[in-house]
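Structure record follows, encoded as structure tokens.
The values are calculated or read from the model by the stated rules, or taken from the named source; none is laboratory data. The structure presented is a predicted model; accordingly, all values stated were derived computationally and were not measured. Don't worry about glycine lacking a Cβ; one is built from the backbone with ideal geometry, like all the others, and counts go over all protein chains shown.
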Amino acid sequence: MKHWTLDQVAWDRFDPSKVDPEVIPLVKAAAMVERNGDDYALYLKSVFRDDPDFQYAADNWAVEEVQHGDALGRWASLADASFDYPAAFARYRAGYTIDIKADASIRGSRTGELIARCMVETGTSSYYTALGEASDEPVLKEICRLIAADEYRHFKLFYDHMKRYLARENLSFPKRLRVALGRVGETEDDELAFAFHCSNDAPGVAYEHNRCITGYMGRAMGFYRFRHIERGMGMIFKSIGLEPRGRVSGLAARAAWKLLCWRRDRYRQAMAREVAANGNALPAQQAA
Ligand SMILES: [Fe+2]
Ligand SMILES: [Fe+2]
């Protein structure tokens, strides 16, 4: 059961004068990844094929993720009338495929799979909170608030199932830690970069991972504040069985914040170099 619907969003409050142009390419890219949730649910249902409770939960989860994509896609279409959300998503779906018939989790265990899901929901919950707080545009603010609340519920959902499997599989702490760090490290892989390409580059422009992940991260990382990282670190600690609000979590949050600021500045410098070289960090947009 969904906690909200697209019809409940006050779309008529959309205010183009309050749109930060730097946010539009991010919302477009996020719409791709969110909309792809239904394929990810097929993968999850294949991994957990003998667990009807989890399969039911995965179906409901996917309905909400698809709605996130549709809400973000609709907002992006309001902010940029030239954005063709269905066409962009068709490109994404054609080029980024998930093994939907997996016999076992790519994380090595079901506990590991669910820890990886907790990492993703931690990331999305923090990201939409940060984006919504930073935005002045009322509709985007509302959508981000609704989505962030869903993402936090998803975290709790996967966490509860993870605890159930942990009791059965007894995955060791080092293995849990490795899965968690591994999934966090994948943030800069193709999923987001390719989504940025499909939703922002004109058809015919070649996909370049570095350019696309720079375009995405150089903008996205600027919206975080320390409090978002601190809260996210608590969720990561909880997922792997550590004290979420202890001294170690606080130290880890400060280290992660320093790393994020450093990475953000590096990406921004790379974007500035691209602007200097091409005149626009999104060269394909000019052509579109
Ligand atoms: Fe989502
Ligand atoms: Fe989610």
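Of note:
- Exactly one residue out of Cys144, Cys118 is within 19 Å of His3 (Cα to Cα) and touching a Ser or Thr at 6+ places or on another chain (Cβ under 7 Å): that is Cys144.
- The residue that is surrounded by the most Cβ atoms within 10 Å (Cβ to Cβ), counting only those in the range 222-237 that are in contact (Cβ under 8 Å) with a residue 24 or more places away in the chain and of a type in the set (Gly, Ala, Ser), is Gly232.
- Evaluation of Asn200 against (1) within 16 Å of ligand 1 (Cβ to nearest atom); (2) of a type in the set (S, T, N, Q); (3) within 23 Å of Asp39 (Cβ to Cβ); (4) buried (at least 22 other Cβ atoms within 10 Å of the Cβ) (one fails), failing number: (1)
So that you can scan it fast, the table gives a plain yes or no per residue for (1) away from ligand 2 (no atom under 13 Å from the Cβ); (2) of a type outside the set (A, V, I, L, M); (3) in contact (Cβ under 8 Å) with a residue 12 or more places away in the chain:
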{"site": "Lys101", "(1), (2), (3)": "yes, yes, yes"}
{"site": "Arg117", "(1), (2), (3)": "no, yes, yes"}
{"site": "Ala130", "(1), (2), (3)": "yes, no, yes"}
{"site": "Asp136", "(1), (2), (3)": "yes, yes, yes"}
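- Applying a threshold of 7 Å to beta carbon distances and a minimum spacing of six or more residues, or different chains, the list of pairs starting in the range 144-171 at a residue that is at negative phi and ending at one that is near ligand 2 (Cβ under 10 Å from one of its atoms) and of a type in the set (Gly, Ala, Ser) reads Ala148/Ser125; Glu151/Ser125; Tyr152/Ser125; Phe155/Ser125.
- Cβ pairs under 6 Å, 6+ apart, first in the range 51-67 and over 11 Å from Met1 (Cα atoms), second within 11 Å of ligand 1 (Cβ to nearest atom) and at pLDDT 95 or above: Glu65/Glu34; Val66/Arg35
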